[in-house]
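The values are calculated or read from the model by the stated rules, or taken from the named source; none is laboratory data. From a predicted model like this one, the values you see are computed outputs, not experimental measurements. Heads up, the Cβs are rebuilt from the backbone with ideal geometry, glycines too, and the neighbour counts pull from every protein chain shown. To get the accessible areas, we keep the full protein, side chains included, count just its heavy atoms, and leave off ligands, DNA and RNA. Shrake-Rupley method; radii C 1.70, N 1.55, O 1.52, S 1.80 Å.
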Amino acid sequence: MDEKTMSTPLKMELLIDGKKQTFTESFIPAGRILDALDLIETDNSDRKLRDVFEERVAFLAKVFTNPLVTTEAIWSGLNAIGFEDHIFELICKVANVNPKKLQMATTPE
């Protein structure tokens with residue numbers, strides 16, 4: 001497999017103790033794809049947004065193997081501005097789904 005066809009690692013930058021730290025996962029078991037797909041389903045209308053966000057953050061905390069990446073670290077280390085888009089993009093990357101194509105497919109005409 002050449003460099004162009006290799007997947008790029010999943011990266012998340014968190015603010016921890018006032019310093020930006022980048023966490024990287026270069027191997028995520030394929031079984032996580034199914035969990036990620038459950039989290040990006042488009043019909044969450046019957047659920048509280050808080051519950052959806054909590055599930056997504058818990059999922060990301062499990063995907064990253066570094067013990068510093070916890071649900072608490074994600075909640076306190078990610079910026080609230082753009083939070084929803086950012087965690088959605090990370091989960092889509094795990095699921096091998098292009099979030100832009102997904103949004104286009106779910107946009108009502």
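Report, by residue number, each residue of segment 19-29 that is outside any strand (DSSP E or B), of a type outside the set (A, V, I, L, M, F, W, C) and open to solvent by 100 Å² or more (accessible area, probe 1.4 Å).
Result: Ser26, single match.
Would you please list the contacts, defined by Cβ atoms under 7 Å and residues six or more apart or on different chains, that run from a residue in segment 45-62 that is closer than 26 Å to Thr24 by Cα to a residue that is surrounded by 10 or more Cβ atoms within 10 Å (Cβ to Cβ) and of a type in the set (D, E, K, R)?
Listed pairs, sorted by first residue: Phe59/Asp35.
Return yes or no: is Glu41 over 13 Å from the mean Cα position of the chain (by Cα), open to solvent by 30 Å² or more (accessible area, probe 1.4 Å) and closer than 18 Å to Lys100 by Cα?
Yes; evaluated as a whole, the condition is true for this residue.
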